[in-house]
Amino acid sequence: MTSACILGCSGPELTVEERAFFRDVRPWGFILFKRNIVSPEQVRALTDSMRAITDRADTPILIDQEGGRVARLQPPHWRKYPPGRAYGQIATNDPLVSREITRLGARLIAHDLRALGINVDCVPVLDVPEPGSHDIIGDRAYGQTPTEVATLGRAAAEGLIAGGVLPVVKHMPGHGRAKADSHEYLPIVDALYEDLDARDFEPFRVLSDMPMGMTAHVVYDSIDRKRPATHSRKAIKVIREAIGFDGLLMTDDLSMKALSGDFRERTRAALKAGCDVVLHCNGVMAEMKPVAETTGALFGKARRRADAALARLARIPEPFDAEEGRARLDAAFEGRFAA
């Protein structure tokens with residue numbers, strides 16, 4: 001049995017307790033953070049040990065490697081990458097150049113990740129920032145308009161897929177208007193539905209064919225005044241119908257402070273609302289146990305979406321000269337993000 005959850009671990013290698021727990025739970029996937037990362041050899045050993053426990057060669061192992069301030073892999077072992085906004089600000093009269101360089105940046109990230117056994121990156125950020133909103137999105141967004149975000153977000157997703165890494169579009173149905181950081185507080189967005197539909201939903205609609213998506217821990221008054229999207233059947237219906245996303249839908253991290261209730265309640269509410277899998281990131285065993293106990297098996301439509309997502313993994317990545325790619329990226333940014 002595979003459980004409908006993605007879990008983290010506490011350090012750079014699995015503890016005896018974690019090995020026993022994961023062997024019993026058999027989570028669908030895992031996620032890595034800075035606390036799990038020391039060196040390329042160590043990360044590869046960690047991902048190998050995770051797959052040995054699940055006994056699935058394609059077990060999803062996720063990371064947030066966006067570039068800019070959200071990057072779990074850091075120098076000296078890995079190079080710096082630009083934040084999303086920088087790609088839209090490349091000095092060029094040809095918008096196709098920005099698109100090409102965005103794809104190249106993601107292709108290079110995929111090259112880094114695949115060598116470590118990481119096959120899912122929680123990119124692209126498709127949130128459209130609104131003036132006056134919290135900076136939690138800020139320069140992580142590819143631009144200021146739905147068109148800019150959708151165009152460069154598509155390029156980033158294509159670069160990852162070409163390199164054998166699955167993208168995760170986030171944060172559905174849109175975090176750009178939030179005036180609070182959902183890691184710390186529950187944001188409430190009071191925009192009219194028509195405005196959300198025209199601006200916030202549009203990049204997700206354009207990329208509705210992507211294999212995986214992540215919900216936002218945000219209340220949208222015009223959709224559901226009582227519940228954040230992660231826990232709202234109404235919001236999930238918007239994601240599935242108005243946006244048209246039929247990929248695997250995962251929650252944002254259940255341990256974020258935007259959510260209320262204990263971990264059983266958070267897990268139960270997300271699955272009842274229509275999320276396919278739940279995500280718990282911090283590796284704290286006392287929190288993971290109730291999440292796992294509440295999750296249950298991955299089955300039905302959720303299982304079909306999970307299988308369809310993994311079927312998008314390229315067995316052989318697109319031919320690629322990483323050294324040449326790094327030189328092109330450095331030239332495009334005039335060395336500002338060179339390692």
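Here is a check on your reading of the model: is Ala191 within 18 Å of Ile239 (Cβ to Cβ), at pLDDT 95 or above and buried (at least 22 other Cβ atoms within 10 Å of the Cβ)? Against the criterion (within 18 Å of Ile239 (Cβ to Cβ), at pLDDT 95 or above and buried (at least 22 other Cβ atoms within 10 Å of the Cβ)), Ala191 does not qualify. Residue check: is Arg99 touching an Asp or Glu at 6+ places or on another chain (Cβ under 6 Å), surrounded by 15 or more Cβ atoms within 10 Å (Cβ to Cβ), at pLDDT 95 or above and not in a loop (DSSP other than H, G, I, E, B)? No: the conditions fail for Arg99. Exactly one residue among Ser49, Ser10 is over 22 Å from Ser255 (Cα atoms), out of contact with any Ser or Thr (no Cβ under 8 Å at 6 or more places or on another chain) and among the polar types (S, T, N, Q), and that residue is Ser49.
Evaluation of Thr92 against the conditions (1) over 17 Å from the mean Cα position of the chain (by Cα); (2) in contact (Cβ under 8 Å) with a residue 40 or more places away in the chain shows that the sole unmet condition is (2).
Quick one: which residue in Arg19, Arg69 is under 21 Å from the mean Cα position of the chain (by Cα) and of a type outside the set (A, V, I, L, M)? Steps first, answer last, please.
Details: Arg19 fails: under 21 Å from the mean Cα position of the chain (by Cα).
Just a single option satisfies the conditions, and that option is Arg69.
One residue stands out in the stretch 194-208 among those that are buried (at least 17 other Cβ atoms within 10 Å of the Cβ), more than 19 Å from Ala180 (Cβ to Cβ) and aliphatic (A, V, I, L, M): the one that is nearest to the chain's Cα centre (by Cα), namely Leu207. Restricted to the stretch 209-227, and to residues there that are aliphatic (A, V, I, L, M) and not in a loop (DSSP other than H, G, I, E, B), the residue that is surrounded by the most Cβ atoms within 10 Å (Cβ to Cβ) is Met212. Of all the criteria given as (1) surrounded by fewer than 14 Cβ atoms within 10 Å (Cβ to Cβ); (2) part of a loop (DSSP other than H, G, I, E, B), the one not satisfied by Pro317 is (1). Exactly one residue out of Ile109, Ile118 is among the hydrophobic types (A, V, I, L, M, F, W, C), under 17 Å from the mean Cα position of the chain (by Cα), closer than 17 Å to Pro167 by Cβ and not in a loop (DSSP other than H, G, I, E, B): that is Ile109. Every condition in (1) at pLDDT below 95; (2) farther than 30 Å from Ile188 by Cα holds for Glu130 except the one numbered (2).
Of everything listed in (1) among the charged types (D, E, K, R); (2) modelled with pLDDT of 95 or more; (3) surrounded by fewer than 19 Cβ atoms within 10 Å (Cβ to Cβ), the single unmet condition for Glu184 is (2). Of everything in the stretch 121-148 that is charged (D, E, K, R) and surrounded by 22 or more Cβ atoms within 10 Å (Cβ to Cβ), the residue that is nearest to the chain's Cα centre (by Cα) is Asp121. Inspect the stretch 161-182 for any residue being within 21 Å of Arg240 (Cα to Cα) and either free of Cβ contacts under 8 Å to residues at least 24 places away in the same chain or more than 16 Å from the chain's Cα centre (by Cα) (or both) and give the result as yes or no. Yes, the conditions are met somewhere in the stretch 161-182. The lone criterion from (1) in contact (Cβ under 8 Å) with a residue 24 or more places away in the chain; (2) out of contact with any Pro (no Cβ under 9 Å at 6 or more places or on another chain); (3) more than 25 Å from Ile239 (Cα to Cα); (4) outside any loop (DSSP other than H, G, I, E, B) left unmet by Gly283 is number (4).
Within the stretch 134-141, not a single residue is touching a Phe, Trp or Tyr at 6+ places or on another chain (Cβ under 8 Å), more than 26 Å from Asp221 (Cβ to Cβ) and part of a helix (DSSP H, G or I).
Name the residue that is surrounded by the fewest Cβ atoms within 10 Å (Cβ to Cβ), counting only residues in the stretch 228-243 that are among the hydrophobic types (A, V, I, L, M, F, W, C) and assigned to a helix (DSSP H, G or I). Give the steps one after another, and end with the answer.
Kept after step one, since they are among the hydrophobic types (A, V, I, L, M, F, W, C), are these residues of the stretch 228-243: 229, 235-236, 238-239, 242-243.
The next check asks that each one be assigned to a helix (DSSP H, G or I); those that pass are 229, 235-236, 238-239, 242.
Values: Ala229: 28, Ala235: 24, Ile236: 25, Val238: 24, Ile239: 25, Ala242: 16.
Filtering the stretch 228-243 for residues that are among the hydrophobic types (A, V, I, L, M, F, W, C) and assigned to a helix (DSSP H, G or I), the one surrounded by the fewest Cβ atoms within 10 Å (Cβ to Cβ) comes out as Ala242.
Do we have any residue at all in the stretch 60-73 that's among the aliphatic types (A, V, I, L, M) and closer than 19 Å to Ala286 by Cα? No, the stretch 60-73 has no match at all. Take Lys170 and decide whether it is surrounded by fewer than 24 Cβ atoms within 10 Å (Cβ to Cβ) and either under 23 Å from Thr251 (Cβ atoms) or in contact with a strand residue (DSSP E or B) (Cβ under 8 Å, 6 or more places away or on another chain) (or both). So Lys170 does not fit the description; no.
The values are calculated or read from the model by the stated rules, or taken from the named source; none is laboratory data. The structure displayed is predicted, hence computed values, not measured ones. Because the Cβ atoms are built from the backbone with ideal geometry, glycine has one as well, and the counts that use them run over all protein chains shown.
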